[in-house]
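The block underneath contains the structure these notes are about, expressed in structure tokens.
The values are calculated or read from the model by the stated rules, or taken from the named source; none is laboratory data. Since the model is a prediction, treat every value here as computed from it, not as a measurement. Cβ sites come from the backbone with ideal geometry, for glycine too, and all protein chains shown count toward neighbours.
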Amino acid sequence: MIKCVINRVRYERKHQFLFSLQKLQSTVDMVLACSTGLMLLSSRGAAGYKYNPTWPYGQRTASETQGSNETYCGVEVVFVYFEVNSRYTMWLPLHTVCLRGQTACRRSFVGALLKLSGHRDHANVCHLSHSAGLSAQTCKALLYRKHGDPCQVVHCVVALCIAVSSVLPPGRRRANDAHWLEDVTLPSIGAKDVLVKMLAAPINPSDINMIQGTYAILPDLPAVGGNEGVAQVIEVGSQVKFLKTGDWVIPRDAGLGTWRTEAVLAEDDLIAVPNDISLLSAATLGVNPCTAFRMLSDFEDLKPGDSVIQNAANSGVGQAVIQIAAARGINTINVIRDRPEFTQLCERLKVIGASHVIKEETLRRPEIKELFKTCPKPKLALNGVGGKSATELLRHLKVGGSMVTYGGMAKQPVTVPVSALIFKDVKVRGFWVTQWKRDHSHDGTAFRTMLDELCSLIQQGKLTAPVCAQVGFQDYNRALESALQPFTSAKQVLIM
């Protein structure tokens, strides 16, 4: 049920509002019932606002303040956010309406709200800006306020109602201040910003690690989950140069928070992708295929006929490695853990281009020698597991070859035998695509060139999205639970 609560009235300067809280309550309830709803307003405050530290905390009536004789006052409009399947109600200071002049201040608040909802014309009411594309829509986001089990700490918040709220006087805090979501706003569109509607966003291991608090970069809390996804541009700022309405875009870097329905983001934080590729390919393009592309390109000079060995071959990165390598004429030796559906998984990987698919224990058996009679020993090993699996990859690496670690699903350290270093001169490296993007953030062509090549492979049918389970945004709990299960072959993708 949609419920609107008038929290507090904040008024400034010398004038008091000529209406009661009860009138405000009934007014906002009435406007909420209108079919058009209220537009989203600017999060920027009007110039000249000041707090009134003498206002008693919790006071429910407005009284005249002492101050200058300036002839305007302000009302702060907020969305009330609540969590689905949770008892908590959270207030989010969001929007400001500037009522100019004595006449506007004396008008009923009904007129101001109706103006904002588009029903009447009141010239003295000035809304700083609005996002017309989101009029009468709800904005949803998956947030976490603390680190821990994703199934326990991630909650859906929904912008459903409007209220009038004041900023607390200095030094005063509410009992539930920890639940305020100041960071989860939908601000006005700046000159270099774009308003986007998220279309789809996957759940990656890095997303899980970030929520658990174990990732290399952690956003300030509360935070919106998700580092990858595809969105459509709905509206652009006046100085946006390279994006236009209707474009599909993906994040340039991690940490934007893609598990939400809408967002206002800087143009520089996004990069366009073709909208003639599949939704799943676009949603999963920015992390795993880029990781695979860079590892196959940057560590060894691989030629057609060369070999690469990798564990976690059924992962998103592993499937991208198989396909990109196949497009370049490179053999792949793909190691996966034994499981009941091993035969089916083996066939699926071969369909997308895998040269060989073997179980982990095969690396320690004599039959591995037979395999190397049909293809050369690998110059490059890609490790996404760690522990014993990584050590076994090293054993079969060509002299002078490289092992690149990009993940550690086993949560065990990589152990390198001394003999591999001395007698085989192997190189042990690490790779993190987020760092690569940051290192090349000032190079306007590197990321673009890589995406163009990947999208070309997709358009040619040589690179497909990993096996995905599409889950409705409202079923995020089920998607998180599935993403945490072992032997998961399908990537969970939230469809907004």
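Things to note:
- Among residues of the range 197-212, those that are small (Gly, Ala, Ser) and at pLDDT 95 or above, counted: 2
- The range 446-488: number of residues that are surrounded by 13 or more Cβ atoms within 10 Å (Cβ to Cβ), aromatic (Phe, Trp, Tyr) and over 23 Å from the mean Cα position of the chain (by Cα): 0
- Output for the range 297-313, where each listed residue is among the hydroxyl-bearing types (Ser, Thr, Tyr) and surrounded by fewer than 20 Cβ atoms within 10 Å (Cβ to Cβ): Ser297
- Complete set of residues in the range 356-374 that are assigned to a loop (DSSP other than H, G, I, E, B) and either in contact (Cβ under 8 Å) with a residue 40 or more places away in the chain or more than 16 Å from Pro304 (Cα to Cα) (or both): Arg365, Pro366, Glu367, Phe372, Lys373
- Selection status of Val236, within 22 Å of Phe447 (Cα to Cα) and touching a residue at least 12 places away in the same chain (Cβ under 8 Å): no
- When each of Thr343, Thr291, Thr332 is tested for being under 27 Å from Thr449 (Cβ atoms) and either in a strand (DSSP E or B) or without any contact (Cβ under 8 Å) to a residue 24 or more places away in the chain (or both), the lone residue that passes is Thr332.
- The set of residues from the range 286-329 being modelled with pLDDT of 95 or more and hydroxyl-bearing (Ser, Thr, Tyr) comprises Thr291, Ser297, Ser307.
- Within the range 426-445, if we keep just the residues that are at pLDDT 95 or above and over 22 Å from the mean Cα position of the chain (by Cα), the residue that is nearest to Gln485 (Cα to Cα) turns out to be Gly430.
- Taking each residue of the range 303-324 that is assigned to a helix (DSSP H, G or I) and looking for partners that are buried (at least 24 other Cβ atoms within 10 Å of the Cβ) and among the hydroxyl-bearing types (Ser, Thr, Tyr) with beta-carbon atoms closer than 6 Å, six or more apart or interchain, yields Val317/Thr291; Ile322/Thr332.
- Of all the residues in the range 342-369, those that are of a type in the set (Ser, Thr, Tyr) and farther than 24 Å from Ala390 by Cβ number 1.
- Conditions (1) under 29 Å from Ile422 (Cβ atoms); (2) more than 34 Å from the chain's Cα centre (by Cα); number of the one not met by Gly329: (1)
- Pairing residues of the range 203-220 that are on the phi > 0 side of the Ramachandran plot with residues that are modelled with pLDDT of 90 or more, at Cβ distances under 8 Å and at least 6 apart in sequence or on separate chains, gives Gly213/His147; Gly213/Gly148.
- Single residue of the range 256-294 satisfying the filter (of a type in the set (Gly, Ala, Ser), surrounded by fewer than 20 Cβ atoms within 10 Å (Cβ to Cβ) and more than 27 Å from Gly318 (Cβ to Cβ)) that is farthest from the chain's Cα centre (by Cα): Ala272
- Of all residues in the range 400-413, those satisfying the criterion of being touching a helix residue (DSSP H, G or I) at 6+ places or on another chain (Cβ under 8 Å) and either assigned to a strand (DSSP E or B) or at pLDDT 95 or above (or both) are Met403, Val404, Thr405, Tyr406, Gln412.
- Residue check for Asp253: charged (D, E, K, R), at pLDDT 95 or above and either in the same structural domain as Lys427 (by TED's automatic domain parsing) or crowded, with 16+ Cβ neighbours inside 10 Å (or both): no
- Residues of the range 214-249 that turn out to be of a type outside the set (D, E, K, R), within 18 Å of Asp268 (Cα to Cα) and not in a loop (DSSP other than H, G, I, E, B), as a count: 8
- The set of residues in the range 255-284 that are within 30 Å of Leu380 (Cα to Cα) and touching an Asp or Glu at 6+ places or on another chain (Cβ under 8 Å) comprises Ala283, Thr284.
- Those strands (runs of 3 or more DSSP E) of the range 414-496 in which 3 or more residues are farther than 20 Å from Met210 by Cα and in the same structural domain as Pro340 (by TED's automatic domain parsing) occupy 427-430.
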